[in-house]
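Visitor: Pasting a structure here, questions to come.
The values are calculated or read from the model by the stated rules, or taken from the named source; none is laboratory data. Computed from a predicted structure; not experimentally measured. Note that we place each Cβ from the backbone using ideal geometry, even for glycine, and neighbour counts take in every protein chain shown. Please note that ligands, DNA and RNA were not included when accessible areas were found on the heavy atoms of the full protein model with its side chains. Shrake-Rupley method; radii C 1.70, N 1.55, O 1.52, S 1.80 Å.
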Amino acid sequence: MFDAITPEKRTDFQQQGILLIRRALTEEHRARLEAAVDRVYAAERAAGRVKPDGSLHLLGFLDRDDEFGELLTHPGTFPYVWGLAGWNIYSHHNHLDVTPPALAEQPPAEHSQVWGWHQDGYRQNSDTEAVGQPRPMLSLKVAYVLSDLSRTGRGATKVIPGSHLSNTLERTTGGADPRGTVEITANPGDAFVFDRRLWHSRSVNRSAVTRKMLFVGYTYRWIRPLDEMPIDRTGDWWLNRTPVQRQLLGEATHTANYWGVNWDGYIDEKIPLRHELQSRGLLDRSVPWLR
């Protein structure tokens, strides 16, 4: 998880707002994650928290299984996270999605009045608005594909590459996708990382395949959490986490530590992810977030 990404990958991400990572998960790991998703889904259904159409959008899922906790620093994706966002980060938002085939009686998406295209971040988009300038990234997400989304029409995420640099998106009529739309077709075990500003939308699952995905978001530690995820810090799940993973779950020594410093105003060199990068010579003065 400490193999630095190339400058070319960083440039691609900055230009497109998204990177597709093929075979991020081994098949054995993907199968374990899918089994964990199925266990959580069964528990949520038993508790009456699955929607009538069978879909589930579960926020703050990471502590529901030990398999999920390991995703915080997955070696196939984590280098992109710290390489693109730096060391003073944590996971403020994560969700588990299960999308069964659409029910026959559901109206097609093109007749829906709901405009699904959006940038993530809610008030981050309004509160940080700079007229004439792209909004700051502030966060990114890693999406893990657990089911076969190698063909269109299976409920995959739709994106507009490069749209993260635009603060607005013109609405289309008649259910047409905006110009430049790409539906992310991915194999089981693939992942993609995307800038929260990237304009994206869910799509309707018109196939016989149930879409199962996991999304782990990362932002700066001085930003408040989005999801409710109360963690039992005396239980095995927490005790199994590494120091870096605990940082990514919001642990800090004091309030100033969230800002990357000690009370004296100087950088706290013991912040776990910074310490790991520093010990491996991976800090880089030429990259602002890796200084």
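Visitor: When only C-alpha pairs under 8 Å and at least 6 residues apart count, what is the relative contact order of the chain, in percent?
Guide: Normalised by residue count, the contact order of the chain is 28 percent.
Visitor: Would you work out which of A186, I160, P243 lies farthest towards the positive end of the dipole of the chain, given +1 charges on the beta-carbon of Lys and Arg and -1 on that of Asp and Glu, about the Cα centre?
Guide: Value computed over the given set: I160.
Visitor: Is there a quick way to get the dipole size of segment 176-291? I mean about its Cα centre, with the Cβ of Lys and Arg at +1 and of Asp and Glu at -1; what is the value in debye to the nearest 20?
Guide: 280
Visitor: So what's the angle, to the nearest 10 degrees on a 0 to 90 scale, between helix 7-16 and the longest Cα principal axis of the chain?
Guide: 40
Visitor: How long is segment 1-121 along each principal axis, judged by its Cα atoms, biggest number first, in Å?
Guide: Principal extents (largest minus smallest coordinate, Cα): 49, 35, 27 Å.
Visitor: Spelling out what I want: for every residue of segment 148-156, take phi, set θ = phi - 60°, compute 6.51 cos²θ - 1.76 cosθ + 1.60 (Karplus), and round to whole Hz; glycine and proline get x.
Guide: 7, 10, 6, 10, 5, x, 10, x, 5
Visitor: May I ask you to compute the full-extension gain from R45 to I223, defined as 0.36 nm times their residue separation minus their alpha-carbon distance, rounded to one decimal in nm?
Guide: 60.8 nm
Visitor: Under 19 Å between alpha carbons, and skipping anything fewer than 8 positions from K158 in its own chain: which aspartates and glutamates qualify?
Guide: Counting by Cα, and skipping residues close in sequence, K158 has these aspartates and glutamates nearby: D12, D97, E110, D120, D148, E170, D177, E183, D190, D195.
Visitor: Let me ask another. Would you list which aspartates and glutamates come within 14 Å of K270, measuring only between C-alpha atoms, while excluding same-chain residues fewer than 8 positions from it?
Guide: Straight-distance partners of K270: E251.
Visitor: Still on this structure, I have one more. Quick check: at a probe of 1.4 Å, how many percent of the accessible area of segment 1-46 sits on carbon and sulfur atoms?
Guide: 51
Visitor: Assuming 0.36 nm per residue, please report the length gained on full extension of the stretch E269 to R291 beyond their Cα-Cα distance.
Guide: Fully extending the segment from E269 to R291 adds 6.8 nm.
Visitor: Any chance you could get the radius of gyration and Dmax over the Cα atoms of segment 119-196, in Å?
Guide: Both quantities, over Cα of segment 119-196: 14.4, 41 Å.
Visitor: Something else: How much of the accessible area of segment 228-291, in percent, comes from carbon and sulfur atoms when a 1.4 Å probe is used?
Guide: Summing carbon and sulfur atoms, their accessible area is 53 percent of the total for segment 228-291.
Visitor: Counting only C-alpha contacts under 8 Å and six or more residues apart, can you give the relative contact order of segment 4-111 as a whole percent?
Guide: It comes to 35 percent, rounded to a whole number.
Visitor: Right, next: Given a 1.4 Å probe, how much area per residue of the chain is accessible, in Å²?
Guide: Per residue, the chain has 50 Å² of solvent-accessible surface.
Visitor: Quick check: pseudo-label points 7 Å beyond the Cα along Cα→Cβ at D38 and T6, how many nm apart are they?
Guide: 3.8
Visitor: Can you tell me the dipole magnitude for segment 42-83 around its Cα centre, using point charges on the Cβ only (Lys, Arg +1; Asp, Glu -1), in Debye to the nearest 20?
Guide: Charge dipole, segment 42-83, about its Cα centre: 240 debye, nearest 20.
Visitor: Moving on. How large a share of the accessible area of segment 109-169, in percent, is made up of carbon and sulfur atoms when the probe is 1.4 Å and the other protein chains stay in place?
Guide: Accessible surface attributable to carbon and sulfur in segment 109-169 totals 51 percent.
Visitor: Step through the residues of segment 68-74 one at a time and calculate ³J(HN,Hα) from phi using the Karplus curve (6.51 cos²θ - 1.76 cosθ + 1.60, θ = phi - 60°), rounding each to whole Hz and writing x for Gly and Pro.
Guide: Along segment 68-74, the couplings run 5, x, 5, 5, 4, 10, 4 Hz.
Visitor: Let me ask something else. So what's the gap between the Cα centers of segment 1-79 and segment 121-167, to the nearest angstrom?
Guide: 16
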